[in-house]
Structures are given as structure tokens and as C-alpha cells.
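Inspection log for the structure reproduced underneath, given as C-alpha cells.
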Amino acid sequence: MKQIVTLAWRNIWRNKRRTLITIGSVFFAILLALVMRSMQIGSYSHMIDNVVHSYTGHLQVHAKGYWDDKTLDNSFAASDSLVHTIASVPGISLIVPRLESFALASFDAKTKGVMVVGVDPLLENKLTNLSHHVVKGSWLTPSDSGAALGETLAKYLGVNVGDTLVLISVGYQGASSANVFPVKAILKLAAPEMDNSFVFIPLIQAQGFYSAPGRLTSYAMLIDNNRELSEAATTLKHQLNSQKYEVMTWEQLMVQLMQQIKADNVQGLFMLAILYMVVGFGIFGTLLMMISERRRELAVMVAVGMKKTKLAMIIASEVMFITLIGLVAGVIGALPIILYYYHHPIWFTGQTAEAMRSMGFDPIMPFALQGDFFVAQSIVIFVIALVAALYPIFSIFRIIPSKDLRR
Amino acid sequence: MIPSIAWKNIWRNRTRSLVVIVAIALGLFGGLFASAFLLGMSEQRVSEGIRYETPELKVLHPRFKENLEPHYSITDAPDKERALAKLPLVVGISPRVITSAMVQTATTSSGITLYGVDPAKEKTVSMLYQTIWDSTAVRKNRPSVANIAQFVEDSCGVYLSDDQHIPIVIGEKLAHKLKVKVRSKLVITMQDYNGTLTGGAFRVVGIFRTSNTQFEENNAFVLRSDLSSLMVLPDSTVSELALRLTNEKQLNVAAQQVRSLFPGLKVYTWRDSDPLLGMIDGMMLISLISFMVIILLALGFVIVNTMLMVILERVRELGMLMAVGMSKGRVFSMIMFETVLLTLTGGVVGIALGYGTVLLTSHSGIDLSSFSQGLRAIGYSPVVYPHIDIFFLLLVTALVLTTGLVASIFPAIRALKLKPVEALRQD
């Protein structure tokens, strides 16, 4: 066996130029596949990150039935033990409590239906980074009794920082609620829908306003990595009483977006498949030529008594070496390109950029940089190379020394 | 002379050349077909968007869109309609009153955008009325022919007409959400012209169904006369004038004409009013072109690699040719021709195959409904009609040619570098 490997290694360097060309075909295959995939995965995870951090989080826990019927009567009592149970699920890195419901917001003669969200100002900021979206005033503190609202909404109502906003709504179990809140901050929220209708007040204030002391409508959670999403969701479901709580992932909360991303992904895979086909033929072509060029040489080996199986094994090892070298070189070659675009994402301009902003996305296309698709793409190209090598390897068994020697 | 030698050279090693040709052909075939498929899908989305959701052009008060406030309305609508009717590019005009409203049933409520329309005029602009007959309920239950009319009326109703009493047409998704059917009653609350809360009861007469569930969920249509009287708007005041054009290609020309007609108002094309549709339209082509470029880049490498191998293999022969007096220029152009001809052969086969398949499937369409339930949620129809325009085809052809030319330079230069004496000595 060792002999075969040594022979193969020496063989590939006997004709350096030919080997380099063959390595080149593998090199470009993996390079293009990596760059393409990195671009695709990058734009999906960018979208996911945007959604998750804009409001929903990766996971949410509600009282059972809340999602279908979003009323305060479907709220649940907050408790330390509940937070503890959730925190014990591996991967969950942040738990943000919220109490949200609709209300009418008035200022002067203007009234508008708004979403009043009671938040823990510190925890909420870790999830949505709202303090960075403040355009006027300053972000809420836990002891505040003020409100922060979207810019479009503020403009419509004509309120400014320091003005007093009147909120009217129906609270928990039908209690009527009305209160005044000084405007503390005006926020520029990415999604126009939110910018036009969201009012944040500290959680304690919201619980008082809605007559729902100690109650929440949801816990929003972040996990370390979106790839652990379904796992974390399942674990969480096991931990919680399914009669009382529902656990939902962002994929269930934002069905439309999830489907958009899935459709994009299928499209991407389809394109990738076409790319594989092309590079597969490229590798096949060079391997085929490598063998046909060496027909005479191989025929000599067979004529002097080399077993064809052994010869096939040598050729197979040669292909293996060439593929591995090509793969390593390709990965190394792709890294600077991917690294560059990872740090300097492509910015969209014009109509496209505007459309992306209107959906609440930054108009950029970052590349992804993570181990798993590097490994996956390398494996795919490796397999393609091995499949492409089958024909040349089997053609060894068709060598007839008397004929091939004479060529 | 040189081209014919090059052509013959290609066929001296048939397997090798065929591998390259097949690679190019398959790559182009796959690339073209995938492009046509995606292009067809996005074009359908856009055309359905224009048919049912967003009119090609609309005229609004410049500040109306901010919050749909009735203060920013269009006054003297009939005069403006008459002026618009004189434009030859405009075929349909529908005056609409638009407001955000809250729709309530006994159990749930939902925020919607409510449109007050004149049915006869609305039908000249939006084809939404056609979708009321196209309900799945009809297809699923396959009622016998005898009672089909009654069945359709029961399950999806009819479009608005002036003789109905306080009718409303809503989308299937909203109907599910509110758990209402045809003939159910809905209570709708909104602000009137003075900002006072007002409302009224409407009876569902029809349920429309489009490829876009979001649109279905967020929009409802009532008679303009009903909505105007609730909102205390004079009959001549409307929120928007929605227009349909004779030809969508004249969009910008028509927009310009309408703009000069009403300098104080704002004219939106469908691209402005639905940026997502505009994005699909604009981005799809760009992403497909970049995809084709990647494919051709890969093909280019395949071609270069193959030709380098070819030269390596033929060192002796090329040396001999040079030794017997073939000029370097001729050797160079021979290798170039070989590469370009190889590329073109594959290119022609691939483009022909790809275009042929597109033509074959473009009428019957490809039905994805069995394995893609989610398409409708993002506004796509489940039957895709691949389509490719000549511009894209020409572009791909040009790209193939460029690839062949660029890919030929490097091997040809390598061939030039051979020194006859050394080349001859190699075995």
C-alpha cells in the first residue's frame, strides 16, 4: 500500500505542468463554489439577523393560544422559576420579557391606534439595540415613566420629546385603562410598520397601565446560533408545560420571511447544482486527458507485468492527491475573497436599496464566513472529482498492451 | 485555411472535445433554463401585482401616503378624470377613497386598508373582480354543473355592484382570520374627515383570492358612496386616481404626461408604490446575469485547462509545424480558432437546447403546487411559465463569445512560447 502511495506521489510530479493543470481544474471548482455559497448563505443570515434583532428574537414563549388570539387575557404570570427553566436550555443567551397590546395614542387633536410594548429597557436594548436608534431624547431607564416611540408616528401625532402622550386602551380582563406618558425618546425604527405604530414604555408602567401586574405576553429569546434553533425550541418545549405555554421560533412567527428565505435558498442550490455540473465536466475532461496521454506508459507497465488492479489503485491515489491539493489550494484562494467581502459587504444602490430599507433591512449583501459550508462544499467537490475519476480509472482495465503500445 | 485546420484539429481527439462541448452545452442549457424559470416567476409576480394589487399609475396628494389622512385628498375629481381621459395612453381611470380602518367581528379585529371604489370604473383598472370566481373552493369540491352558479355564489360570492346594500369584498386570508363567510356582517371603524371616530356595518358579498396572501389579508373594498358618506367626504373628493395604461412599456412617458397635467399632485408608478415589486423586477435580472457570469467563468476555466492540456499533448506537433516554417502568428491564430470554435459549438448547442426547452414549457407552464405550498404566501403563483427575453439571450450569446475569446488567449500565448528545437526533442 505504501508503495502505491509513493508511486502515485512521484507520478504526479513527473509531469508537473500536466498535474498543475489538473489541480487547477479542482482549484477553480472549489473556489467558485465557495464564493457562490458564501454569497448566498451570507445574504440569508443577514436577513435572519435583521429580523431576529429587529423585534422577534429567535424564539418566543407565550401563554398557550396567544399567537392566534393576541389579547391580554392570553397573558401569563412572570416568574423567576419560569425564567430559570428557560435559561437552563443550552444555547439560549438572552431572555427579554414583554407585555404588549393595542392602544389609542392621542396628542392634541390627533389620535392613532398604536402598539404599546412594555419592555425591560436594559434587556430589550440587548436584543434590539434600540438605544442606538434614538434620534431625539434618550432611551428609557427601568425607573422611567416615559415613552419612546417611532419617528413616523411622532410626526403624525406632532409630539416632541417632553410632550405628554395620552394612551387609552382596554386592559387585562376588560379593565379600562388610560394614562399619560411623557415622551422620552423618538426612535428611527427600520421597519416602516414599526416606525409608524410602536410605543415602548417600561414594563412596570405597562403592567400598571394594562392592570396586569406581574403579567407578560411574551418572552423573546436570543440563542447563540440560528443553526441550533429547532434543537433549542424542542428542548424548551419539553421543559415547559405545553398546556400553559406555547414556544414559537422566528420561522413560525415570521412565516412569510422564512418562506422567502427558503425559496431563495432552493434557487441558490439549483444554481449551485448547475455550477457543480460545469466544474464536474471540467475535472472529468482534464482527468480523461491525463489518462489518454499516458496510455502508452500505462500499457508498458501492464506489458511488463504490473497488475491492472494495482495500476488502477495508483491512478486512484494520484487523483486523490491532485484533488486534495486542489481543494486545499482552492480553499486558501477563496479565503481572501470571502474575507474581504465579509468585512466589506456589497452595498446595494437605487431602487433595490430603497426596497430593502422599506422591508427593514440594511441594503447590504455580506458574505458568510463559517466553517460548515467550507467543509460541505469541499466534500461535494471531492466527491465530484472521485466520480469524474471513475471513467479514467476503469479505462485502465481496457488496456490491451499489444494494441496500446503500438500507438 | 487556418479555421478549417482548427476545426479539423478539434475532431482529432473526439472524446476530449466532446467533453468540453458537453460541459459548455449543459452549463448554458442549465443556466438559461434556470434563468428563464426564475425570470418567468418574477415576471408573473410583477404582472399579477399590477393586475390585482397596484395600479400602473396613481395620482395622489403629495402627503396622502404618510398616514392616509383625508385632509390630503384630491378635490374636483370629476374634472381631473375628464382631463385624464383625454390622454391616449390611459385606458382606465378609477377614483378611490382610501382609509385605514379597523374591521371587527364578535371575536376578533384586524387593521386593514379600506378602499371605496366605483365598481364599473374600478373594473377598468384592477382585475381583482376576476379572482372572485377563481376560488379554490370551487376547484376542490367540483360541484356538479347544475348548481355551480349557486355554489360559487355561496362560497366566494360576487364582486361589488351599485345595487347591493352596504357591500364589502375581502380577501380569503382575511376571511379566514376573521372567520367570516359570504353574507357575514363586519363592523368597520375609521376616522372621518374631521378626525372623529366613525364606523358602520358592511355585509360581505365577495371573497377574492390572489397569489399574495398578504394582500388578501390587508385590503378590503367597499362602494365609494358608502365610504364617502361615512367619512363625510363630498362626492367630488377622492384619495387617489388609479390608472391603467394601454401599454406598460409606456409607463414613464405616461407618468410624465400625468405629472405635467397636475403639477400640485404626486404621480406614482407601480415601482414607486410597491418597492418590493420594483425590486423583484430590477434585482432578478441583475442576479441572473451575475449567475450566468459565474457559470461562464467556470466554463472559461474548463476551456483554458483543456486547451493547455491540448498544447501540452501536441508540443511535438506544434514544434514540427514551426520548424517547417509555419509563422508564429499562424500558430497563434490556429490555437485561438480551435478554442473559439470549440466554445461556439458548445455554446450554440447549449443555447439552442435551453431556448428550445423554454419555448416548449412556456405555454404549458410548470406546476409546482404539489411541492411548494409556501409560494403563495410570498406572492408567487404556483404554476411557473418560463420566459426569456431576446435581450437576455443576446447577452448570454455575447458573454459566451467573450468567454471563448478570452479563454483562447492564454493557451495561444503558451503555444507561442514553444521553441521548435526543444519542442521537437520532447517525446
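Here are some notes:
- Among the residues here, A:ALA334 qualifies as assigned to a helix (DSSP H, G or I) and over 30 Å from A:MET254 (Cβ atoms).
- Check on B:SER370, over 17 Å from the mean Cα position of the chain (by Cα), farther than 25 Å from A:GLN260 by Cβ and modelled with pLDDT under 90: no
- Counted residues, the range A:123-144 - those being part of a loop (DSSP other than H, G, I, E, B) and surrounded by fewer than 17 Cβ atoms within 10 Å (Cβ to Cβ): 5
- Evaluated against (1) closer than 16 Å to A:HIS46 by Cβ; (2) surrounded by 14 or more Cβ atoms within 10 Å (Cβ to Cβ), A:TRP347 falls short on exactly one condition, (2).
- Looking only at the range A:368-407, and only at residues there that are of a type in the set (Lys, Arg) and part of a helix (DSSP H, G or I), the one that is nearest to A:PRO345 (Cα to Cα): A:ARG398
- For the range A:55-68, the criterion of being of a type in the set (S, T, N, Q), within 14 Å of chain B (Cβ to nearest Cβ) and in contact (Cβ under 8 Å) with a residue 12 or more places away in the chain is met by no residue.
Yes or no, residue by residue, for (1) closer than 15 Å to B:VAL103 by Cβ; (2) within 35 Å of the chain's Cα centre (by Cα):
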| residue | (1), (2) |
| --- | --- |
| B:GLY200 | yes, no |
| B:ILE207 | yes, yes |
| B:SER211 | no, yes |
| B:PHE215 | no, yes |
| B:SER228 | no, no |
| B:MET231 | no, no |
| B:VAL238 | no, yes |
| B:ARG244 | no, yes |
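- In the range A:247-283, the residue that is nearest to B:PHE29 (Cα to Cα) out of those that are assigned to a helix (DSSP H, G or I) and of a type in the set (S, T, N, Q) is A:GLN267.
- Checklist (1) within 30 Å of B:GLY27 (Cα to Cα); (2) at the interface with another protein chain (Cβ under 10 Å from one of its Cβ atoms) applied to B:ARG314, failing item: (2)
- Enumeration of residues in the range B:196-227 that are away from every other protein chain (no Cβ under 14 Å) and either more than 21 Å from B:SER239 (Cβ to Cβ) or among the β-branched types (Val, Ile, Thr) (or both): B:ALA201, B:ARG203, B:VAL204, B:VAL205, B:GLY206, B:ILE207, B:ARG209, B:THR210, B:VAL222
- Residue satisfying all of: in the range B:260-318; without any contact (Cβ under 8 Å) to a residue 12 or more places away in the chain and β-branched (Val, Ile, Thr); surrounded by the most Cβ atoms within 10 Å (Cβ to Cβ) among these: B:ILE294
- Taken residue by residue, the range B:321-340 has at least one member that is within 14 Å of chain A (Cβ to nearest Cβ) and crowded, with 19+ Cβ neighbours inside 10 Å.
- Of residues in the range B:1-49 being within 8 Å of another protein chain (Cβ to nearest Cβ) and surrounded by fewer than 20 Cβ atoms within 10 Å (Cβ to Cβ), the one nearest to the chain's Cα centre (by Cα): B:VAL22
- Residue in the range A:355-363 that is touching a residue at least 24 places away in the same chain (Cβ under 8 Å), under 30 Å from A:LEU288 (Cβ atoms), surrounded by 18 or more Cβ atoms within 10 Å (Cβ to Cβ) and under 25 Å from the mean Cα position of the chain (by Cα) present: no
The values are calculated or read from the model by the stated rules, or taken from the named source; none is laboratory data. Note that this is a predicted model, so its numbers are computed, not measured. Glycine also receives a Cβ, built like all others from the backbone with ideal geometry; neighbour counts cover every protein chain displayed.
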